[in-house]
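Below is one structure, written out as C-alpha cells; comments come after it.
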Amino acid sequence: MTFDAKTTAVLIVDLQNDFLDPKGAYGRAGQSSPEIAALPERLLPLLNAVRDAGGWVVSTQFTLVPGKGGEPFISSHLKKLRPFLKKGDFQPASWGNALVDLLQPADITVEKVAYSAFYQTRMEFALSRAGIKTIMVCGIVTNGGVASTVRDAHVRDFHTITLSDGCAAFSPETHDTAIKALSTVGDIMTVAEATALFKGA
C-alpha cells in the first residue's frame, strides 16, 4: 500500500469524558469495561506519530442536543438502553462532551447525534477540504459508532482502515465479531502497525 501521512487521518470515535471518565455520565452509572478504559493510553503513541508525520487527528463527539430548558433530545432506543442519561450529559461544548485530555488536541472535531460520524454531520465536508483520503478508525464501541462510521466512510470512497486493538466494546466477543465483519469493507490493522507506518513516513 502506498502511504501518505498528509492525506491520512486517525478518526477517534467517541473517546469522551462522559464515556470514559469515572466522573462522566457512563462512569457514574458504572457502565464501562477494562478494554474501553485502556484505549487512550494505547492510542497515544500513535497520535504522537501522526502529529510528527503531518497527519491528521480527527475526533468525533457523541452529542445530546439540548432542547427547551436544556433537556436533551434522546432517541427512544437510547433511552431504553441507557436510562441513566440526563440533562447536562454529552452537552455541546461541555467537559463531558470533550475528547479525553490524554488524546488532545484534535485537528478536526465533529459533533454527531447517532452512531455514524457521517450521519447529518459536517464530517465529509471537513475531510474533503483537508484532502484526507485514508481514514484509520478507532474508539468506541466497535459494533456501534466504529462500525457505522467505517461503513459510511467506505461508501463515500475513503480508504478505510479499522484499528483492531484501537477499538473496544462492552464485551470482547462483541468486539471480535464486529472486527471480523468490518474486514469485508476495509483493511484491518493493529495500532502498532499504524504507528510504524507514520514513523516511516
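Result for the chain in a Gaussian network model with C-alpha springs under 10 Å: among Asn97, Asn48, Asn17, the largest mean-square fluctuation is at Asn48.
Charged neighbours of Phe198, selected by a Cβ distance under 13 Å, balance to 0 (K, R count +1; D, E count -1). Using Cβ point charges alone (K and R +1, D and E -1), the dipole size of segment 75-126 about the Cα centre works out to roughly 440 debye.
What is the Cα centroid distance between segment 120-190 and segment 4-80, reported in whole angstrom? Segment 120-190 and segment 4-80 have Cα centres spaced 13 Å from each other.
Taking amide H as placed 1.01 Å from N in the peptide plane, the amide H of Val137 sits under 5 Å from that of Leu11, Ile161, Thr162, Leu163, each at least 5 places away or on another chain. Rounded to the nearest Hz, the phi-derived 3J(HN,Hα) couplings of segment 8-23 under the Karplus curve 6.51 cos²θ - 1.76 cosθ + 1.60 (θ = phi - 60°) are 10, 10, 8, 9, 8, 9, 6, 7, 10, 4, 5, 8, 9, 6, x, 8, where x marks glycine and proline. For Lys68 and Phe125, what is the calculated FRET efficiency with R₀ set at 25 Å and r taken between the beta-carbons, to the nearest 0.05? The value I calculate is 0.30. If you line up the long axis of helix 172-182 against the longest principal axis of the chain, both from Cα atoms, how many degrees apart are they, to the nearest 10? Once rounded, the angle reads 50 degrees. Pairing the Cα long axis of helix 39-53 with the longest principal axis of the chain, what angle in degrees results, from 0 to 90 and rounded to the nearest 10? Taking the Cα atoms of the chain, the angle to 39-53 is about 40 degrees. Among Leu47, Leu85, Leu99, the largest mean-square fluctuation in a Gaussian network model of the chain (Cα springs under 10 Å) belongs to Leu85.
Positive-end ranking of Ser32, Gly67, His77 along the dipole of the chain, with charges on Cβ about the Cα centre, is headed by Gly67. Among the trypsin sites (Lys or Arg not before Pro) found in segment 12-63, those both in a DSSP coil and sparsely packed, with 11 or fewer other Cβ atoms within 10 Å of their Cβ, are Lys23.
Here is the link list: Lys6/Lys133; Lys80/Lys180; Lys79/Lys180; Lys23/Lys87. Which ones come out longer than 18 Å on Cα distance? The pairs that break the limit, which is 18 Å between Cα atoms, are Lys80/Lys180; Lys79/Lys180. Stretching Lys79 away from Asp52 to a fully extended chain increases their span by 5.6 nm, per 0.36 nm per residue minus the current alpha-carbon distance.
In the elastic network of the chain, a GNM with C-alpha springs shorter than 10 Å, the most mobile of Lys133, Lys86, Lys68 is Lys68. Derived scalar couplings between HN and Hα for segment 79-96 equal 4, 5, 6, 10, x, 7, 5, 9, 3, x, 6, 6, 6, x, 6, 8, 4, x Hz in order, rounded to whole Hz, by the Karplus curve 6.51 cos²θ - 1.76 cosθ + 1.60 (θ = phi - 60°), x for Gly and Pro. The calculated FRET efficiency for the pair Lys87 and Ala37, based on their C-beta separation and a Förster distance of 35 Å, comes to about 0.85.
Values quoted throughout were computed directly from the atomic coordinates according to the rules given, and no laboratory measurement underlies them. Small disclaimer: the values here were computed from a predicted structure and weren't measured. All Cβ positions, even for glycine, are placed from backbone atoms using ideal geometry, and neighbour counts span all protein chains on display.
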